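Working notes, beginning with the structure itself.
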Amino acid sequence: NNLTSDDALRSNESSAGLTPDNQMTTIDDYLEAKYRQIQAKRLSELKKQKIAQISKKSKKLAQSLAKLPDQEKLKEEEKKFQHYANLILANLYQIKPYDKRLETTDFEGNSVTIPLPKNIKVTRMSDYFYHLSKRAKHKALNIHIEKENLQSKKAFYDNILYALEQAKEPYELELLVPKRAKSQRKKEKLKEGELFWIEGYKVFVGRNSNENQKLLALAKANDLWMHIRDIPSSHVIIRTDKQNLPQSVIEAAAKLCVDFSVKNPGEYEVDYTKRKFVKVQEGSSVLYNKYDTLRVRKEGVEIRE
């Protein structure tokens, strides 16, 4: 039997198991797979970019921590310079204007060599070493404050890194590390805390107890304040400009609060209220009322402490 061209076409489609509907489904599946592939690549590239940006900040803080002087060494320096100052006072008559060092015996009978500072009058040399002693003492007393400040900032950025790694959508990455124009970034750079933009609203996040206090002091009465209930967390301030905030902004800010405060996954309760209903106690501890609560789920893998 002879087949027409239409019969042959139908025969080929039938033998291949492809009806017009099947062909359409296959094309749709292909396009969807291609779209997902493109989105996955975009997410991967954006994630890599954001992680590199935050890793740089975290690394810089780690370097600053490593460079911090040791408290015990500072205490030793304080005593040494005090000792030098006392010996110079007791031996002023021996020092000539051109001397580079003073070789003498201390009050316990030990031989001591003191390197003398250049371009300083002999009569001012003891003051020079007293100043060094006082500076070392001040540093020793305050080094733990500087260390805690650097550690809390590094922990903040490490939490951002963890949240970036867990992000599944590009918008999550942009929320965590927003892209701002350089001119705006310079203009809006904060001395305390981090600034984010959510749907046109300014959102401030404290990175440690000190910054939480500063943000509370700077916030206006009708700004929205939030933090995680029952655990130490970043304080978040949303600048409202006396407008009613969209629920989406509140939810996004609550997610920031959780992402920047904790590493472990789980469900967290974030309380929020107007700043005027928050009463500061000691430090950044607060009492608050007339608040609402959001439950925020943090995804990820359990972290071993």
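A few remarks follow.
- Most mobile listed residue (ASP127, ASP70, ASP99) in the chain, GNM with C-alpha springs under 10 Å: ASP99
- Residue-span extension gain [GLN166 to LEU92] - 0.36 nm each, minus C-alpha spacing: 19.9 nm
- In the chain, a dipole from Cβ-located charges (positive for Lys and Arg, negative for Asp and Glu) runs towards its positive end, and of PRO97, ALA66, PHE81 it is PRO97 whose Cα lies farthest in that direction.
- Within a Gaussian network of the chain (alpha carbon springs, distance under 10 Å), most fluctuating of PRO178, PRO69, PRO170: PRO69
- Projected label distance in nm at ALA217 and GLN243, using a 7 Å step from Cα toward the beta-carbon: 2.9
- The calculated pair-distance distribution of the chain uses every alpha carbon pair, bins of 20 angstrom beginning at 0, and gives 24, 34, 23, 14, 3, 2, 0 percent.
- Dipole of the chain computed with +1 at Lys/Arg Cβ and -1 at Asp/Glu Cβ about the Cα centre; of VAL296, TYR272, PHE156, farthest Cα towards the positive end is PHE156.
- Max mean-square fluctuation residue, GNM over the chain, Cα-Cα springs under 10 Å, options TYR130, TYR84, TYR98: TYR98
- Listed pairs LYS57/LYS220; LYS57/LYS147; LYS179/LYS298 exceeding 25 Å between Cα atoms: LYS57/LYS220
- The Rg/Rh ratio for region 71-148, using Cα coordinates for both the radius of gyration and the Kirkwood hydrodynamic radius, is 1.05.
- Rounded to the nearest 500, the helix-only mean residue ellipticity at 222 nm of the chain stands at -18000 deg cm²/dmol, with each DSSP H run of n ≥ 4 adding -39,500 (n - 2.57).
- Alpha carbon centroid spacing (whole Å) that separates region 232-257 from region 30-73: 25
- For the chain: relative contact order, % (alpha-carbon pairs under 8 angstrom, 6 or more apart): 13
- Label-to-label distance, nm, for residues given as ARG42 and LYS100 (7 Å Cα→Cβ offset): 6.8
- Region 42-108: GluC sites (Glu not before Pro) in DSSP loop, at most 13 other beta carbons within 10 Å: GLU108
- The charge dipole of the chain, taken about the Cα centre with unit charges on the Cβ atoms of Lys, Arg (+1) and Asp, Glu (-1), comes to about 2120 debye, rounded to the nearest 20.
- Computed over region 84-167: relative contact order in percent, which uses C-alpha pairs under 8 Å that are six or more apart: 26
- Amide hydrogen proximity for LEU102: with H placed 1.01 Å from N in the peptide plane, the residues at 5 or more positions away or on another chain lying under 5 Å are ILE114, LEU116.
- Added length on full extension, which subtracts the Cα-Cα distance from 0.36 nm per residue, ILE120 to GLU282: 53.6 nm
Every read-out reported here was derived from the displayed coordinates using simple, explicitly stated rules and does not represent laboratory data. Everything numeric in this text was worked out from a predicted model, so none of it was measured. Cβ atoms come from the backbone with ideal geometry, glycine included; neighbour counts cover every protein chain shown.
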